[in-house]
1. So, by mean Cβ neighbours within 10 angstrom, what's the order for 150-156, 67-73, 86-92, 178-184 with the highest one leading?
2. Of all beta bridges DSSP finds with both residues in the chain, what is the antiparallel percent, to the nearest 5?
3. For n ≥ 4 DSSP H runs only, could you compute -39500 (n - 2.57) per run for the chain, divide by its residues and tell me the 222 nm figure to the nearest 500?
4. Quick check: convex hull over the Cα atoms of the stretch 113-254, volume per residue in Å³, rounded to an integer?
5. What is the angle, in °, between the Cα long axis of helix 133-143 and the longest principal axis of the Cα atoms in the chain? Nearest 10 is fine, range 0 to 90.
6. Which value in Å is the Kirkwood Rh of the stretch 82-174 over different Cα pairs?
7. Based on the mean of other beta carbon atoms within 10 Å per residue, what is the order of 101-112, 227-238, most packed first?
8. Which is farthest toward the positive dipole end of the stretch 12-253 among Val228, Gly106, His120, measuring Cα position about the Cα centre, with Cβ charges +1 (Lys, Arg) and -1 (Asp, Glu)?
Amino acid sequence: MSSSSESARYEREEAVARTFDAWVRDGKATGMERRHKRLAERMLERLDLPPDSRMLDLGCGDGWTARLVARSLTAGAVFGLDVSMEMVSLARELSAELENTLFAPGAAEEIPWAEDYFTHVLSIESAYYWTDTDLAAKEIFRVTAYGGSFHILINYYEENPHSAGWDHETGLPLHRLSTEQWARLFRDAGFEEVVTDQIPDDSPISPGKPPEEMARRQGLQAVGALYVTGRKPALPESARAQRAGAVNPFRVLR
Ligand SMILES: C[S@@+](CC[C@H](N)C(=O)[O-])C[C@H]1O[C@@H](n2cnc3c(N)ncnc32)[C@H](O)[C@@H]1O
């Protein structure tokens, strides 16, 4: 990547970080759990996570998904990554009692972790903010364990007309890709069995909104969120023996 496109990426990343830092200061961060939880639960039901899973939560926000998952992992752990330092600080504070969570500032485009490690990479309502989706998909592929999977959930995508104005509302240049474009991105990064689905959202909508906003929310939830998943191919048998003695870097979390 040229240094000018790299600096453009960092500038955009900083703008996203500033926006979400402000969400924390304005008390908006913790509201995301209420808005996204029902959808996240419906996605997690499909994962059927083994108790020793090693999960990466990309764009973890205040860390509520990481905590939800970490509590169910008796022998596993969750690493939450977010470009907003304020989100990371809040996630650390709210997760202090959990030994199997770790949060760090950083970007999906430059994941600070070793390759072939996470059994599951998950990301909720974050992918359309990423500055470089191609680079992020490649990074996700790099850090996913052989035979591991990724799981992306987003409401902002071409086939859901009710989210179309979100870029104006946030003031950020969001990626409005189609279902097929998201799938292709991950196939191009190397993932197999890439499939998509739309998950309707049956969360209750808080009353008191203007009728227009209420109708938009109802429409958004009825069309549902886009779910994209895929698997990194398993390591060939011939290469498995060579890796058998490798050190497990997840010990830092225990
Ligand atoms: C709408 S919030 C969702 C947070 C959380 N996943 C949830 O469902 O509550 C999007 C989050 O993605 C983070 N984010 C945006 N771009 C990112 C990137 N390139 N790398 C890592 N995190 C990013 C933001 O800072 C923000 O905390």
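Bear in mind that the values in this text are calculations on the coordinates, not laboratory data. None of the values given here were measured: they were computed from a predicted structure. Heads up, the Cβs are rebuilt from the backbone with ideal geometry, glycines too, and the neighbour counts pull from every protein chain shown.
1. 150-156, 86-92, 67-73, 178-184
2. Taking every DSSP beta bridge with both residues in the chain, the antiparallel ones total about 40 percent.
3. The helix contribution divided over the chain gives -13000 deg cm²/dmol.
4. Value for the stretch 113-254: 140 Å³ per residue.
5. 30
6. This gives a value of 14.9 Å.
7. Output ranking for 101-112, 227-238: 101-112, 227-238.
8. Farthest towards the positive pole: His120.
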